[in-house]
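Step one of this worksheet: look at the structure below.
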Amino acid sequence: TSMETSIWSRAFKRQQKWEDKDDLLDVIYWMRLVVSIVVGILCGIVPLTGILGIVFYLGISCGLIYAYCSIFQQIDEDEFGGMWEILKEGFMTSFAMFLINWILIYTACHFS
Amino acid sequence: IHSKMLADAILIVAISICTALLSEGLSYVLLYRTEDYKRLKGVVEKQSKRLERKREVVGEGLARPSGQKKKLEKQEEQLKNYNRDLTMVRMKSMVVIGFTFTALLGMFNSIFDGRVVAKLPFVPFSLLQGISHRNLMGSDFTDCSFIFLYILCTMAIRENIQKFFGFGVSRTASKLGSNLVGPSK
């Protein structure tokens with residue numbers, strides 16, 4: 001039953017049923033966090049600076065989540081209060097995580 | 001100067017993690033494990049979920065029979081009261097924690113006064129420069145001050161620490177809580 005399978009075993013399979021909305025939102029939250037860390041590190045190394053870096057991050061993180069929800073999981077947006085509610089999930093924390101990684105890696109690679 | 005900068009930055013991340021852990025630790029001792037808090041939190045969670053389910057069934061903004069509307073309003077009022085009680089219980093420990101961290105932050109601020117702790121890969125817009133360039137010399141706004149890095153770090157990890165330890169509030173409860181408290185704030 002869906003109660004017994006952990007959300008992570010479902011997260012990597014297509015078109016799962018998400019009875020408890022919070023389960024999908026949890027997956028989105030942690031996925032977004034990982035993406036933010038990776039993109040932050042990448043932007044720091046290249047380096048991608050200025051507004052371009054921020055736009056790149058927003059594009060990738062929102063794009064990936066949108067693609068995951070509507071293409072991979074094919075969820076019914078209305079059940080979750082619209083795509084906007086899903087895109088808002090964990091946004092501030094992930095954005096701060098992106099900035100921290102971006103700043104630290106940028107400083108480490110290009111200023112020491 | 002530059003070699004020290006990275007060491008400073010990493011130290012600040014470590015400080016931020018430690019203070020966030022300390023904050024949650026203090027919250028646990030003073031608040032989370034108290035009977036009052038556990039009881040009120042349980043009640044708020046249950047009531048929020050009940051209210052959310054009722055709203056989904058009845059439908060928002062649609063014409064409802066007046067009996068149901070009254071019942072819903074009564075439950076919203078109840079939730080508002082529970083939320084207010086919860087806030088009161090949190091108040092005491094929040095004051096203690098706030099005081100502790102003001103003191104700690106003041107100490108760190110003076111340690112890092114005038115030090116550039118990182119280089120920003122972007123120029124923050126003018127409103128933010130007051131924070132990001134705080135107590136720094138010169139006009140290179142890609143210089144990062146202690147307080148900016150500290151705040152960003154805290155924003156990045158606090159929610160994660162709360163989720164990790166299970167201290168957070170459920171989405172339903174926080175959404176309804178903010179909806180009910182919002183206008184009167």
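Nothing in this text is a laboratory measurement; each read-out follows from the coordinates by a stated rule. Since the structure is predicted, the reported quantities are computational estimates derived from the model, not experimental observations. Here Cβ is always computed from backbone atoms with ideal geometry, including for glycine, and neighbour counts include all displayed protein chains.
In debye, nearest 20, what is the charge dipole magnitude of the range B:23-113 about its Cα centre with +1 on Lys and Arg Cβ and -1 on Asp and Glu Cβ, if you could check?
Dipole of the range B:23-113, to the nearest 20 debye: 700 debye.
How well do other chains shield peptide B:121-127, expressed as the mean number of their Cβ atoms within 10 Å of each residue Cβ? Per residue, the average neighbour count from other chains is 5.
Counting helices only, and only those DSSP H runs with n ≥ 4, report the 222 nm mean residue ellipticity of the protein assembly as shown as the sum of -39,500 (n - 2.57) divided by its residues, in deg cm²/dmol to the nearest 500.
Calculated mean residue ellipticity at 222 nm is -24000 deg cm²/dmol.
Here the range A:36-101 yields Rg over Rh of 1.04, to two decimals, using C-alpha coordinates and the Kirkwood radius. Averaging Cα coordinates gives a centre for the range B:2-17 and one for the range A:45-111; these two points are 25 Å apart.
Across the options A:Trp84, A:Ser9, A:Ser36, the greatest Cα extent toward the positive end of the charge dipole of chain A (unit charges at beta carbon of Lys, Arg, Asp, Glu) belongs to A:Ser36. Take the alpha carbon gyration tensor of the range B:73-140, find the square roots of its eigenvalues, order them as a ≥ b ≥ c, and report rounded if a/c is under 1.5; if not, report prolate when a/b exceeds b/c, else oblate. Here the range B:73-140 falls in the oblate category. Apply the Debye scattering formula to the protein assembly as shown, with a single equal point scatterer on each alpha-carbon and no solvent, then give log10 I(q)/I(0) at q = 0.07, 0.09, 0.10, 0.15 Å⁻¹. Those come out to -0.35, -0.57, -0.70, -1.28, one per q.
Three semi-axes describe the equivalent ellipsoid of the range A:1-77; taken as square roots of 5 times the Cα gyration tensor eigenvalues and ordered largest first, they are 29, 12, 9 Å.
Taking every residue in A:90-102 and counting other chain Cβ atoms within 10 Å of its Cβ, the average works out to 5.
Inter-chain neighbour count for A:40-51: the average number of beta-carbon atoms from partner chains within 10 Å of each residue's beta-carbon is 2. Of B:Lys46/B:Lys69; A:Lys88/B:Lys4; B:Lys46/B:Lys163; B:Lys92/B:Lys119, which sit over 30 Å apart, Cα to Cα? In this structure, A:Lys88/B:Lys4; B:Lys92/B:Lys119 lie more than 30 Å apart at Cα.
Extending 7 Å from Cα along the Cβ direction at B:Met91 and again at A:Ala67 yields two label points whose distance is 5.1 nm. The overall shape of chain B, judged from the alpha-carbon gyration tensor, is prolate: a/c is not under 1.5, and a/b is greater than b/c. Annotation: amide H of B:Ala118 within the under-5 Å range of B:Cys144, sequence separation 5 or more or interchain, hydrogens built in the peptide plane. Normalised by the number of residues in chain B, the mean separation of alpha-carbon contacts (under 8 Å, six or more apart) gives a relative contact order of 32 percent.
Between A:Ser112 and B:Val123, the FRET efficiency estimated from the beta carbon spacing at R0 = 22 angstrom works out to 0.60. Charge dipole of the protein assembly as shown (Cα centre as origin; +1 on each Lys and Arg Cβ, -1 on each Asp and Glu Cβ, all else neutral): 840 debye, rounded to the nearest 20.
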